[in-house]
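Colleague: Here it is, the structure in full.
Nothing in this text is a laboratory measurement; each read-out follows from the coordinates by a stated rule. Please read these numbers as outputs of a predicted model, since none were measured by experiment. Cβ atoms come from the backbone with ideal geometry, glycine included; neighbour counts cover every protein chain shown.
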Amino acid sequence: MMKKDEINRYPDIPGWLADEEGELLYRLAMECKDGEIVEIGSWKGKSTVWLAEGSRAGRGLKIHAIDPHKGYDGKSTLKEFKDNIARAGVGGMIIPVVKTSEEAAKGFSKPVGLIFIDGSHEYNDVKKDFELWFPRLVDGGVMAFHDTLGYDGPRRLVNELVYKSRSFRNVRLVNNITYAVKAENTFPDRLRNRLSLLIKRLREMAIRKKG
């Protein structure tokens, strides 16, 4: 079994995922006990490998990697994705789903224990992903979103529908990933989530000043 600090021995897998973010995905997948693990937006497999290795270190749940694999240049990324996960030795842990998030959701009836949303970063698209998959997330399951500092769509979505929600506890930010546990929260939970949002907004302000 590959140790988590060895996973990045495949640094040539393209992707915009910091090591700290990969380690978070590894831990969340390793700790997932109930429901399926779903990834929206796999591209060429960088984050998928982290999820698969984490799951293999835990309960061995398969990763449903959902992506239409239509590259930015119009060329399919599916072969490169499959080559990368095979080379990393995790091909057997992953179920590629070559569909859009909406298409995949229509035929997905299993409960979800962990979902990582990293598809289109347009606000309406991120919101649609949230609305499609949140009902499928089990109580106590984890929802995570990438690029919640650097892109307006994911940033706005989590600020509005995660940090301020009555349905999430323990909202946290690791590098550029916001994640939270699905659970009906209490007033103290909501105060902690709002404090976390304040800290996040201060980071956003600092980033804008640097830019």
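Colleague: Remind me, what semi-axes does the chain give for its equivalent ellipsoid, largest first in whole Å, using sqrt of 5 times each Cα gyration tensor eigenvalue?
Modeller: The three semi-axes for the chain are 26, 19, 17 Å.
Colleague: Neighbour counts of other C-beta atoms within 10 Å: give me TRP133, TRP43 arranged from fewest to most.
Modeller: In increasing order of surrounding Cβ atoms, one gets TRP133, TRP43.
Colleague: Name the lysines eligible as straight-distance cross-link partners of LYS106: C-alpha to C-alpha under 23 Å, and not fewer than 8 places from it in the same chain.
Modeller: Once the sequence-local lysines are set aside, what remains near LYS106 is LYS62, LYS70, LYS127, LYS128, LYS182.
Colleague: If each DSSP helix of 4+ residues adds -39,500 (n - 2.57) and the sum is divided by the residues in the chain, what number results at 222 nm, nearest 500 deg cm²/dmol?
Modeller: Estimated from H runs of four or more residues: -12500 deg cm²/dmol.
Colleague: Could you put ASP139, ASP125 in order, starting from the residue whose Cβ has the fewest other Cβ atoms within 10 Å?
Modeller: Lowest to highest Cβ neighbour count: ASP139, ASP125.
Colleague: Let me ask something additional. Magnitude of the Cβ-charge dipole of the chain, K/R +1 and D/E -1, about the Cα centre, nearest 20 debye?
Modeller: Approximately 500 debye in magnitude.
Colleague: Same structure again: Largest first, please: the extent of the C-alpha atoms of the range 118-211 along each principal axis, to the nearest Å.
Modeller: 39, 30, 18
Colleague: Over what distance in Å are the Cα centres of the range 26-49 and the range 166-211 separated?
Modeller: 21
Colleague: Between GLU102 and ALA206, 0.36 nm times their residue separation minus their Cα-Cα distance comes to what?
Modeller: 33.9 nm
Colleague: If you take the beta carbon distance between ALA86 and ARG156 as r and set R0 to 41 Å, what does 1/(1 + (r/R0)^6) give as a FRET efficiency, to the nearest 0.05?
Modeller: After rounding to 0.05, the efficiency reads 0.65.
Colleague: Run through the DSSP bridge list for the chain and note the antiparallel percent, rounded to the nearest 5.
Modeller: 35
Colleague: Would you work out which of VAL171, HIS146, VAL49 lies farthest towards the positive end of the dipole of the range 6-210? Charges go on Cβ: Lys and Arg +1, Asp and Glu -1.
Modeller: VAL171
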